[in-house]
Every structure is written in structure tokens, then in C-alpha cells.
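The block underneath contains the structure these notes are about, expressed in C-alpha cells.
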Amino acid sequence: MREKIFAGNWKMNKTLAETEAFLQEFVNYPGIGRGHQVLFFPPFTALVLMKELIGSVPIQWGSQNMHSKDSGAFTGEISPLMLAELGCSHVLIGHSERREIFGESDAMVAEKIAAAHKHGFKPMVCVGETLEERKGGQADVKVLRQVDSALADLTAEQAARQSFAYEPIWAIGTGLNASSGDAQTMCALIRKRVTEKVSEDVSAAMPILYGGSVKPGNIAEYLQQPDIDGALVGGASLKPDSFLEIIKNALGDLFGQVAN
Ligand code: PGA
């Protein structure tokens, strides 16, 4: 059984004061992070606070982006060494906002993935199609191209530390979430590809998340799908109450139970 994962992507939101207010409330919910995984991708500045504010509560954190080099003349970038010092376990790589707004190619994403593995992070790699690609019947082609590139050159051990988030670009921040059936179809396609490219064992254990306008009211139907293991949540992760409601609505009676 794959553990359910709830990842909050805060994007370019939250000052240090806002991060502190959020976490002081959130980490005190009884049962949070027990029997399921909670993960935050705060802005770089807020990463400094995570260790101190999360303490011994079972919540992990990571960065929203990372440069592939350890150091050098890359103004405005952040290196894996800097992130390692801040206790990051994960790194989000290839979010569509990075790919579409900041021009990250599959090749750049692959370099970042390699660097993340070199430094012992768990990369969560985002893949997804535009509305035009979906309408043109190209969603599968696009997503599989991104998946292939994200798996190329990885050892099975590295692939086993990786996760994918299927995030259709047209569903991000728009309120237009993918149907749970369509999301399942795409997540199953990704899993099948991991089987083909890596192994059955790795694909059976790999977390594959859905992201795109996930809300407390629609999370349950996604998590009922066999190949969807969690959600990458943007807007609805910014308030402690709504993120908690997402977790509770997804898990129902299982919330707070410690998996044995
Ligand atoms: P959203 O963002 O939940 O606000 O649609 C998801 C994401 O970009 O990861």
C-alpha cells in the first residue's frame, strides 16, 4: 500500500511572519502527518524557518526549484548545497510555471533531477499538458515525453526515490480541475511507463500525485482512484484550515491513524 501524500506548493506566497502564523496553527492539529505524508514547498526564504517551526512533527519540506550546479556565477539561483543545509528532503522539479514562464526545457529539468539525486533529495517531478494539447489529442504524447526525459539516465535506486505529479496546465489555479477519471487515466499511463522504463517494483511503489485546482470538495474522488496517491495543492494549501480539510476529506476515518 502506498502512503497518501499531501503536498502544499506555496509558490511565491508567504512572508516569514505568514509562514510562522500558518505553521504554528497547522503543526498543532492532532494526528497530522501520522499514517500519511505531509510535505510543504514554501518559498526559499521560508525554508529557513521550517526546521524550527515543525520540530518533531512528522512533516517534510522541500524547495520549489533548484539549480543543477553546486555553486558559481548564476545570479538569482539557489544551489542544492544551500538547500541541503536547510533540511530539505524533497525538491519540486519542472513545475509547469517553471517550464512555461521561465523556459525550462526537458533537458534542464533532467539536469536538475540528476543534481537532486546526487545530493540525496527526493525529486517530485511535475508533468502535464496544455489545453490545446489535450484538445488536440496530444496529452499522452506530451506527458510521456516529459516522463521519459525525467527517467532517462536514472538508476533503479534513483527512480525509486522519485515521484511524479500529473498537473494539467489548464487546471492549475483556474478552478477547472481534471475529472478524477481523466486524472486516473493519466496517472496510470505514467505508472505503466515507469514499469516499462524502470521496473514493476519501482512503479508499484512510486508515488504519483494529481495537482490542479484540488480543493476540500474534490479531493476524495481523486484519492479513490487506484493510481493517484496524493495531491499537489497550490491555492488551497495557503490556509491551514483548507489544507487540513483536504487531508481529512481524503482520508476520512483513517485520518490520524498511524500506519503499522
Ligand atoms: P492549484 O496549483 O492547486 O492552485 O491549482 C497546483 C500547483 O500548481 O501545484
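Some observations on this one:
- R0 of 41 Å, Cβ-Cβ distance Glu18-Glu196: FRET efficiency to nearest 0.05: 0.40
- R0 of 25 Å, Cβ-Cβ distance Phe44-Ala114: FRET efficiency to nearest 0.05: 0.75
- Part-to-part distance (alpha-carbon centres) for the range 161-219 and the range 29-54, which is given in Å: 22
- Computed about the Cα centre, the dipole magnitude for the chain is approximately 80 debye when only Lys and Arg (+1) and Asp and Glu (-1) carry charge, each at its Cβ.
- Charge dipole of the range 202-260 about the Cα centre (unit charges at C-beta), most positive-ward option of Ile228, Leu244, Tyr210: Leu244
- Other-chain or far-sequence residues with amide H under 5 Å of Phe40's (modelled H): Gly8, Gln60, Trp61, Gly62
- Chain lengthening between Asp70 and Thr185 when straightened (0.36 nm per residue, less Cα-Cα): 37.6 nm
- Exposure rank, largest accessible area first [Lys11, Lys197, Lys248; 1.4 Å]: Lys197, Lys248, Lys11
- Summarising the label geometry, the points placed 7 Å from Cα in the beta-carbon direction at Lys51 and Lys215 lie 3.9 nm from one another.
- Helix runs (DSSP H) in the chain reaching 20 Å along axis by Cα, Kyte-Doolittle at least 0.5: none
- The range 95-170 - accessible surface per residue (Å², probe 1.4 Å): 43
- The residues of the range 3-73 have, on average, 44 Å² of accessible surface per residue, using a 1.4 Å probe with all protein chains present.
- Cross-link pairs Lys142/Lys197; Lys14/Lys69; Lys11/Lys112; Lys11/Lys197; Lys69/Lys197; Lys4/Lys69 - those with Cα-Cα distance over 22 Å: Lys14/Lys69; Lys11/Lys197; Lys69/Lys197; Lys4/Lys69
- Accessible surface of the range 156-206 [probe 1.4 Å, protein heavy atoms]: carbon and sulfur percent: 51
- Were the residues from Glu100 through Ala152 laid out at 0.36 nm apart, the gain over their Cα-Cα distance would be 16.6 nm.
- Note on Ile78 and Glu25: the extension gain reaches 16.2 nm, defined as 0.36 nm multiplied by sequence separation minus the Cα-Cα distance.
- Amide H contacts for Ile93 (H built 1.01 Å from N in the peptide plane; partners 5 or more residues away or on another chain; cut-off under 5 Å): Met124, Val125, Cys126.
The values are calculated or read from the model by the stated rules, or taken from the named source; none is laboratory data. In this text, all values refer to a predicted model and were calculated from it rather than measured experimentally. Note that we place each Cβ from the backbone using ideal geometry, even for glycine, and neighbour counts take in every protein chain shown. With ligands, DNA and RNA removed, areas are computed over all heavy atoms of the protein, side chains included. Shrake-Rupley method; radii C 1.70, N 1.55, O 1.52, S 1.80 Å.
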